[in-house]
Amino acid sequence: MALKYVAEYRDGDLAKKLIQSIHDLKIGKIRLMEVCGTHTMSIFRYGIKGVLPKNITLLSGPGCPVCVTAQKDIDTYIEFAKSDKFIVTTFGDLLKVPGSSSSLQKEKADGADVRIVYSAFDALAIATDNPEKQVLFCAIGFETTIPTIAATLLVAEKQNIPNFSIHSSHKLTPPALAALMQTKGVELDGFLLPGHVSVITGTDAYRSVHEEYNIPSVIAGFEPLDILKGILMLATQSKMKRPALENAYPRAVSDQGNVKAKEIMNQVFEIGNATWRGIGEIPDSGMVLNKKFEKFNACSRFDIDIQDTKEPKGCACGEILMGLKTPEDCKLYAKACTPMNPVGPCMVSSEGSCAAYYKYNR
Amino acid sequence: MAENKVLLDHGSGGKISHSMMSDIILPLFNNPVLAMLDDGAVLDISDISSKKIAFSTDTYVVDPIFFPGGNIGDLAVNGTVNDVAMCGANPLFLSVGLIIEEGMLISDLKKILKTMADAAKKAGVNIVTGDTKVVPKGKADKIFINTSGIGILPDNVNVTGANAQPGDKIIISGTIADHGITILSSREDLKMTSDIKTDSAPLNYMVKAIMDSGNEIHVLRDPTRGGLGTTLNEIAAQSNVEIKIKENAIPVKSAVAGMCELLGFDPLYIANEGKLIAFASPDHAEKILEIIKKDEFGKDACIIGEVLPEKSGKVYMETLIGGTRIVDMLTGEQLPRIC
């Protein structure tokens, strides 16, 4: 089962040509943000920073779902895990993320029934298999993940499954970009826009942000040639002073995106405010259950209301997610905070920029 | 008729135990030392002049116990044969300890023991002592096997992870990640099919050929759990050197690379059971590579990197696009019960 279209996008000779073209631009200092955590990982995995001109700075953005999950939401998941009545189902990355006083992993070690799933449908199957228990699914993620969770709830509704609910901490990408551009101190010369999210949203979703802030914006895939091409396009726009919204990932991303997936998402969720870790509340940047599906809202169904708590002292996750700091600027990085003993979520998630720096760059 | 199953009595030391020994085990592991059935094996080494022996032990809990290309039995024999061989020694004797879960099919047990006997024969070692325990259902998972091995170390051999030297070329004896991906894809809950099979194989003849050739070799390791990436890190730290490898030189079967891509694994950290890494002085590396390539299990061998003089203890990789990155030790959850 050799995979097609993987090796082709890792070709060393083609990469050298792209790298040369980027150098040939002889560009002045620019700061580009790769919005998505998968881009961050790929940039480190292939050593892309080291082959770029010194004038190009790459900054990690707020596109790692675990990293931007508010501490309050983590505490909420942990609260459910503490109850004997619940099986808490989660994507693996969330397990180690510290809440204000515990983590799902610690609760699991203490006997809580916390299970890793690869999809919300697996969580629904657990609910069907365990009718005597309540099953909570920790619903985190961006536009990429939300449609499958919506599809799961459509099935749960249709099959009338009584013991399944979610706590939604879903986030939307374009409003976060707008919020970033309004944040004092944030200086960016271009966005490398996420590939997977854009498969769902389409290029059009970024048009209003792009037009309002007139910032170079290029959608890119995750292979090294995709990323180099995206950087070349951003640098060229910047050099020519012609900001545009371009798509360097046309093999997967269309202007409209995945219309069917968006329809499913909108059947179950509606736009609402969301709290981003380290950034705070961003209006209209989340997806909450709509009226018809409110019965799947675990917090209202079981009357759980967790108070907001202070994020750990010294942790710079928020500033890192906004491109204001790099992990190396954080006092805790690689000292008090390591993958074995993470303080902030950016060190936990496989897509977190602190984890990427630690793994590939020390 | 219901199939015969292992009973608690089979591990009692009584009549049924003895009949299992005489009917199943002895005919398979056929050798005069074991046939003495004493409490321990008495090994005659009067014709060996060496002053050093190598001794290693390992326990196998792989799940599932049968997988494409082998089973827990040959894994247990080859694994310990290779651990002894990686000391530069010539393995001669093995012990086998079986922990069997009550209710295991006798036919499955026979199959595993037959595979062990065949693997021992192929590696040229004798299983000279052993033990069988049966535990109640649910207290073990089908079968766990411990093997220990003794080998003879030729005089003047000094291969250890602490002996990597600046300038050394690093050879890998073939494609990486085959075993780990085989186990992973044969687990039922993944529902994947592929033609990948384990690389489990004895490497002692390969090692003997290298040793006999007189070429200068500094380190031998088999990159099992933790994979190539972790093993290279161990060597860099032990020897206090820096290692640089090239991503485009590392052989990975395309099917294995595809599975890794789908599952989000880096083949550098996936277990191997029939591969060795050799650090050889630059003048001798090509000759050693040729010797490895002549072995049945070394056809895809190649040079993947070298040792640099910096004392960083780190491993770097030149990536496919010409960038550089650190290859760290494996952190976080590893695939459980891979061997």
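Within the stretch A:102-136, which residues are out of contact with any helix residue (DSSP H, G or I) (no Cβ under 8 Å at 6 or more places or on another chain) and either at positive phi or among the hydroxyl-bearing types (Ser, Thr, Tyr) (or both)?
A:Gly111, A:Tyr118, A:Thr128
When you scan the stretch A:15-27, do you find a residue that is of a type in the set (S, T, N, Q) and either away from chain B (no Cβ under 14 Å) or in contact with a Gly (Cβ under 9 Å, 6 or more places away or on another chain) (or both), even just one?
No, because not a single residue in the stretch A:15-27 is of a type in the set (S, T, N, Q) and either away from chain B (no Cβ under 14 Å) or in contact with a Gly (Cβ under 9 Å, 6 or more places away or on another chain) (or both).
For B:Thr160, work out the one condition from (1) in contact with a Lys or Arg (Cβ under 9 Å, 6 or more places away or on another chain); (2) surrounded by fewer than 21 Cβ atoms within 10 Å (Cβ to Cβ) it doesn't fulfil.
It fails just one condition, (1).
Residue under question is B:Ile171, and the condition is that it be aliphatic (A, V, I, L, M), at pLDDT below 95 and either touching a Gly at 6+ places or on another chain (Cβ under 8 Å) or farther than 17 Å from B:Asp83 by Cβ (or both); does it hold?
no
Would you call A:Tyr46 assigned by TED's automatic domain parsing to the domain that holds A:Glu223 and closer than 19 Å to A:Pro194 by Cβ?
Answer is yes for this residue.
Please find, among A:Val209, A:Val197, the residue that is among the β-branched types (Val, Ile, Thr) and either in a loop (DSSP other than H, G, I, E, B) or buried (at least 24 other Cβ atoms within 10 Å of the Cβ) (or both).
A:Val197
Assess whether A:Ile264 counts as being in the same structural domain as A:Ile140 (by TED's automatic domain parsing), β-branched (Val, Ile, Thr) and farther than 30 Å from A:Lys17 by Cα.
yes
Restricted to the stretch B:246-266, and to residues that are hydrophobic (A, V, I, L, M, F, W, C) and surrounded by fewer than 16 Cβ atoms within 10 Å (Cβ to Cβ), which residue is modelled with the lowest pLDDT?
That would be B:Leu263.
Take the residues in the stretch A:300-320 that are over 25 Å from A:Glu270 (Cβ atoms) and assigned to a helix (DSSP H, G or I); name whichever of them is farthest from the chain's Cα centre (by Cα).
Here the residue is A:Glu319.
Can you say whether B:Ala301 is modelled with pLDDT of 95 or more, of a type outside the set (Asp, Glu), crowded, with 24+ Cβ neighbours inside 10 Å and over 18 Å from B:Asn82 (Cα atoms), as far as the supplied structure shows?
Answer is no for this residue.
Residues of the stretch A:337-362 being touching a residue at least 40 places away in the same chain (Cβ under 8 Å) and within 13 Å of another protein chain (Cβ to nearest Cβ), which ones?
A:Pro342, A:Val348, A:Ser349, A:Ser350, A:Glu351, A:Gly352, A:Ala356, A:Tyr357, A:Lys359, A:Tyr360, A:Asn361
When you look at A:Ala298, is it modelled with pLDDT of 90 or more, within 14 Å of chain B (Cβ to nearest Cβ) and over 18 Å from A:Glu34 (Cβ atoms), yes or no?
It is false that A:Ala298 is modelled with pLDDT of 90 or more, within 14 Å of chain B (Cβ to nearest Cβ) and over 18 Å from A:Glu34 (Cβ atoms).
Checking A:His39 against (1) part of a helix (DSSP H, G or I); (2) surrounded by fewer than 24 Cβ atoms within 10 Å (Cβ to Cβ), only one condition comes out false. Which one?
Looking at each condition in turn, A:His39 falls short on (2).
Quick check on my filter: what residues within the stretch B:215-244 are hydroxyl-bearing (Ser, Thr, Tyr) and either in a strand (DSSP E or B) or within 22 Å of B:Asp266 (Cβ to Cβ) (or both)?
Of everything in the stretch B:215-244, those that are hydroxyl-bearing (Ser, Thr, Tyr) and either in a strand (DSSP E or B) or within 22 Å of B:Asp266 (Cβ to Cβ) (or both) turn out to be B:Thr224, B:Thr230, B:Thr231.
Being surrounded by fewer than 21 Cβ atoms within 10 Å (Cβ to Cβ), more than 20 Å from A:Cys315 (Cα to Cα) and of a type outside the set (Val, Ile, Thr) is the filter here; which residues of the stretch A:266-288 pass it?
A:Asn266, A:Gln267, A:Glu270, A:Gly272, A:Asn273, A:Pro283, A:Asp284
Hey, among the residues in the stretch B:252-279 that are of a type in the set (Asp, Glu) and in a loop (DSSP other than H, G, I, E, B), which one's farthest from the other protein chains (Cβ to nearest Cβ)?
That would be B:Glu273.
From the list A:Arg31, A:Arg45, pick out the single residue that is closer than 29 Å to A:Leu172 by Cα, touching a helix residue (DSSP H, G or I) at 6+ places or on another chain (Cβ under 9 Å) and basic (Lys, Arg).
A:Arg45
Given the options A:Gly47, A:Gly92, name the one that is within 10 Å of another protein chain (Cβ to nearest Cβ), more than 26 Å from A:Lys241 (Cα to Cα), in contact with a Phe, Trp or Tyr (Cβ under 9 Å, 6 or more places away or on another chain) and crowded, with 23+ Cβ neighbours inside 10 Å.
A:Gly47
Pick from B:Gly313, B:Gly322, B:Gly298: which is within 9 Å of another protein chain (Cβ to nearest Cβ) and part of a loop (DSSP other than H, G, I, E, B)?
B:Gly322
Yes or no: the stretch A:161-182 includes at least one residue that is more than 21 Å from the chain's Cα centre (by Cα) and under 16 Å from A:Lys262 (Cβ atoms).
Scanning the stretch A:161-182, I find no residue that is more than 21 Å from the chain's Cα centre (by Cα) and under 16 Å from A:Lys262 (Cβ atoms), so the answer is no.
Give the stretch A:61-70 a look and list any residue that's assigned to a strand (DSSP E or B) and more than 20 Å from A:Lys310 (Cα to Cα), or say none.
Within the stretch A:61-70, A:Gly61, A:Gly63 meet the criteria.
Would you mention how many residues in the stretch A:258-299 are touching a residue at least 24 places away in the same chain (Cβ under 8 Å) and part of a loop (DSSP other than H, G, I, E, B)?
4
Give the residues of the stretch A:29-44 that are more than 14 Å from chain B (Cβ to nearest Cβ) and either over 27 Å from A:Ala179 (Cβ atoms) or among the β-branched types (Val, Ile, Thr) (or both), sorted by residue number.
A:Ile30, A:Val35
Out of curiosity, is B:Gly151 buried (at least 18 other Cβ atoms within 10 Å of the Cβ), of a type outside the set (Lys, Arg) and under 26 Å from B:Ala237 (Cβ atoms)?
Taking the combined requirement at face value, the residue satisfies it.
Considering each residue of the stretch A:74-94, count those that are in contact with a strand residue (DSSP E or B) (Cβ under 7 Å, 6 or more places away or on another chain) and within 16 Å of A:Cys346 (Cβ to Cβ), and give that number.
1
Restricting to the stretch B:237-257, what's the tally of residues that are without any contact (Cβ under 8 Å) to a residue 24 or more places away in the chain and more than 24 Å from the chain's Cα centre (by Cα)?
Matching residues across the stretch B:237-257 total 0.
Only one of A:Val114, A:Val97, A:Val68, A:Val155 is touching an Asp or Glu at 6+ places or on another chain (Cβ under 8 Å), touching a residue at least 12 places away in the same chain (Cβ under 8 Å) and not acidic (Asp, Glu); which?
After ruling out the rest, the residue left standing is A:Val114.
The values are calculated or read from the model by the stated rules, or taken from the named source; none is laboratory data. Fair warning: this is a prediction, and the values are worked out from it, not measured in the lab. Using ideal geometry, Cβ is built from the backbone for each residue, glycine included, and neighbour counts are taken over all protein chains shown.
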